[in-house]
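Visitor: Can you keep this structure in mind? I'll have questions shortly.
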Amino acid sequence: DGRAFDDKRFAKYAASDDDAPQWLFDGYLFLTAHRGGKSFSGGLNRPASNKQDWEAIVDFYLEDTHSIPALDRSVGALRDQIGGTFHRRKVVIFMPEPQEGQTDWGEIDGKAMDFSNYPDRIAACKWYADLLEERFRSSGFRHLELAGFYWLPEILRQSREVTRALGDYVRSKGLRFYWIPYYTAQGYSEWRELGFDAAYLQ
């Protein structure tokens, strides 16, 4: 349960727990494969998430009691203890996969999205990126910075045109686009051509 990641629990992932705490990590990845019985990626044997689900996960990550706000508070409290030069911790947030063929995702500017075509799939991801970036920046975090987006599927089958377009769009915001394919996954050796700035092989 993501709500278990409150201020206290995040502190254990931000700095060592001893008499002279030292910073542990400079970046954090937030991802959710499925929630409420629906999937944010293909191949998980669950119904596809829709626009309302995409909005809900943004709300979930930015609720004040846990998740990203809790990380910001934890890092801030530790910053007072550790002292020295400080750099904002980087936050990377997953990008849902618009699942090919889905027609009940929802509307953008009054137009129903049809994920049988690439333009609508790309439009939905751009909408999500805009929403999340705006919400993150308006939250006023003092110790975190949005560093980029993470493509959730660990294999690339039908989303190559989507990731290529998204890579350019994410970079136009001054952010980076990440991917973590599993060993021998389709596309793992083509990560740069597929639009990603960095890939980490499982």
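Visitor: Using Cα-Cα distances under 8 Å and only pairs 6 or more residues apart, what relative contact order does the chain have, in percent? Don't skip to the answer; put the middle values down first.
Guide: Details: 331 pairs, mean separation 37.4, N = 202.
The normalised contact order for the chain reaches 19 percent.
Visitor: Just grab the label-to-label distance for LYS126 and ILE108, each label 7 Å out from Cα along the Cβ direction, in nm (one decimal).
Guide: Going by the 7 Å Cα→Cβ label model, 0.6 nm.
Visitor: If I build a Gaussian network model for the chain, linking alpha-carbon pairs within less than 10 angstrom, which residue out of HIS34, HIS66, HIS87 has the largest mean-square fluctuation?
Guide: HIS87
Visitor: Sticking with the crude label model, points 7 Å out along Cα→Cβ, report the distance from ARG88 to ASP168 in nm, one decimal please.
Guide: Rounded to a tenth, the inter-label distance reads 2.7 nm.
Visitor: While we're here: With n ≥ 4 as the cut-off for DSSP H runs, can you work out [θ] at 222 nm for the chain, using -39500 (n - 2.57) per run divided by the number of residues, rounded to the nearest 500?
Guide: Theoretical 222 nm ellipticity from helices: -11000 deg cm²/dmol.
Visitor: Just how large is the dipole of segment 1-109 about the Cα centre, in debye to the nearest 20, putting +1 at every Lys and Arg Cβ and -1 at every Asp and Glu Cβ?
Guide: My answer is approximately 280 debye.
Visitor: Sum up the charges of everything whose Cβ sits under 14 Å from the Cβ of GLU161, counting Lys and Arg as +1 and Asp and Glu as -1, but leave GLU161 out.
Guide: With Lys, Arg at +1 and Asp, Glu at -1, the net is -1.
Visitor: Averaged per residue, what accessible area in Å² does the chain show with a 1.4 Å probe, protein chains only?
Guide: Roughly 52 Å² per residue, with all protein chains present.
Visitor: So, with +1 on the Cβ of K and R and -1 on the Cβ of D and E, and no other charges, what is the size of the charge dipole of the chain about its Cα centre, to the nearest 20 debye? All intermediate terms of the calculation are to be shown ahead of the outcome.
Guide: Details: 26 positive and 31 negative charges, 53 e Å.
Magnitude of the dipole: close to 260 debye.
Visitor: Kindly identify segment 1-80 as rounded, prolate or oblate by the Cα gyration tensor criterion: order the square roots of the eigenvalues as a ≥ b ≥ c, call it rounded if a/c is under 1.5, otherwise compare a/b with b/c, prolate if a/b is larger, else oblate.
Guide: Judged from the Cα gyration tensor, segment 1-80 comes out prolate (a/c at least 1.5, a/b above b/c).
Visitor: Ratio of segment 47-190's C-alpha Rg to 2.2 N^0.38 Å, to two decimals?
Guide: Taking the Cα Rg and dividing by 2.2 N^0.38 Å, one obtains 1.16.
Visitor: Could you please state how large a percent of the accessible area of the chain is carbon and sulfur, counting protein chains only and using a 1.4 Å probe?
Guide: Summing carbon and sulfur atoms, their accessible area is 46 percent of the total for the chain.
Visitor: So, R0 is 45 Å and r is the distance between the beta-carbons of SER116 and ARG137; what FRET efficiency does that work out to, to 0.05?
Guide: Taking R0 as 45 Å, the efficiency between SER116 and ARG137 is 0.85.
The values are calculated or read from the model by the stated rules, or taken from the named source; none is laboratory data. No experiment lies behind these values; they were computed from the predicted model shown. Backbone-built Cβ (ideal geometry, glycine too); neighbour counts: all protein chains shown. Just the protein is used for accessible areas: all its heavy atoms, side chains included, with ligands, DNA and RNA removed. Shrake-Rupley method; radii C 1.70, N 1.55, O 1.52, S 1.80 Å.
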